[in-house]
C-alpha cells in the first residue's frame, strides 16, 4: 500500500519556532512517515547539531547566524542528493533563514507557532524558568528576539493542534509542492492518526 508514494526529489523542511513549540516532535513524526514511504530522510535537530557540528559557537547573533548557515550547508548537500533534510531549530533570525532558503531551492518553511505564555507553562526542559530567573542569558523569546517568518509555507498552531495533525499538514504541504507524489491512498486523517 505505501509503495504508491514516491519522492520526486530531495528538499528541506525547515521547522522554526520558539523552544518547546513542538518542532522536534512534529519533525520526528514526519520523518517516520517519509521513511515508511521509502524516502531517504535526515533530521537535523537544533540541540543535537549544537552538540556535534556547532559546539564551538555561542549564542551571540553572529554565532546563531553561523549555526543556521552550517545547518543550511548540510541541508543543501543532502537535498541535492535526493535526501529530505528535516530541520528542527529555533533559527531566530529571518534573514538567516531566507539566505538558507535561497541556497537550497527546494525549501518548505514551517513555523511552529505557540504563544509564549503557553510555552512558559509547558517548559518541558525548564529553560523558560531559568531564563526568567536570569540563570540562562540570551534566551530566545525572553532576553533575545525571535523574528517570526513573514510568509512561511505553513503555520502550525501547536497550542491548538495535535502533533500528528500538524505532521499530516506538513506531509500535505510536501505533496502540494510537488516533492511527494500521492496516488490513490491519500494521507490518514488527523483523527485516525
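When you go through 96, 89 one by one, which is the residue that is at pLDDT 90 or above and closer than 23 Å to residue 168 by Cβ?
Exactly one of 96, 89 is at pLDDT 90 or above and closer than 23 Å to residue 168 by Cβ, namely 89.
Test each condition in (1) surrounded by 19 or more Cβ atoms within 10 Å (Cβ to Cβ); (2) part of a loop (DSSP other than H, G, I, E, B); (3) more than 18 Å from the chain's Cα centre (by Cα) for residue 128 and report the one that comes out false.
With (1) surrounded by 19 or more Cβ atoms within 10 Å (Cβ to Cβ); (2) part of a loop (DSSP other than H, G, I, E, B); (3) more than 18 Å from the chain's Cα centre (by Cα) applied to residue 128, the lone miss is (2).
Suppose we keep only residues that are out of contact with any strand residue (DSSP E or B) (no Cβ under 8 Å at 6 or more places or on another chain) and in a loop (DSSP other than H, G, I, E, B) within segment 67-101. Which one would you say is surrounded by the fewest Cβ atoms within 10 Å (Cβ to Cβ)?
Looking at residues that are out of contact with any strand residue (DSSP E or B) (no Cβ under 8 Å at 6 or more places or on another chain) and in a loop (DSSP other than H, G, I, E, B), I get 81.
Does residue 140 satisfy the condition of being exposed (fewer than 12 other Cβ atoms within 10 Å of the Cβ), farther than 20 Å from residue 34 by Cβ and modelled with pLDDT under 95?
Criteria not met by residue 140.
Listed here are the residues, each with its yes/no results for (1) closer than 18 Å to residue 25 by Cβ; (2) touching a helix residue (DSSP H, G or I) at 6+ places or on another chain (Cβ under 7 Å).
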position: 80; (1), (2): no, no
position: 86; (1), (2): yes, yes
position: 89; (1), (2): yes, yes
position: 98; (1), (2): no, no
position: 101; (1), (2): no, no
position: 104; (1), (2): no, yes
position: 118; (1), (2): yes, no
position: 123; (1), (2): yes, yes
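Could you tell me how many of the residues in segment 102-125 are in contact (Cβ under 8 Å) with a residue 40 or more places away in the chain and assigned to a helix (DSSP H, G or I)?
Qualifying residue count for the region: 5.
Checking residue 148 against (1) in contact (Cβ under 8 Å) with a residue 60 or more places away in the chain; (2) assigned to a loop (DSSP other than H, G, I, E, B); (3) in contact with a strand residue (DSSP E or B) (Cβ under 9 Å, 6 or more places away or on another chain): exactly one of these is not met. Which one?
It fails just one condition, (1).
Checking residue 65 against (1) under 24 Å from residue 157 (Cβ atoms); (2) at pLDDT below 90: exactly one of these is not met. Which one?
The one condition residue 65 does not meet is (1).
Does residue 23 meet the test of being free of Cβ contacts under 8 Å to residues at least 60 places away in the same chain, in contact with a strand residue (DSSP E or B) (Cβ under 9 Å, 6 or more places away or on another chain) and either under 21 Å from residue 176 (Cα atoms) or surrounded by 21 or more Cβ atoms within 10 Å (Cβ to Cβ) (or both)?
no
The values are calculated or read from the model by the stated rules, or taken from the named source; none is laboratory data. Remember, predicted model here, so these are calculated numbers, not experimental data. Here the Cβ is made from the backbone with ideal geometry for all residues, glycine too, and neighbour counts use every protein chain on show.
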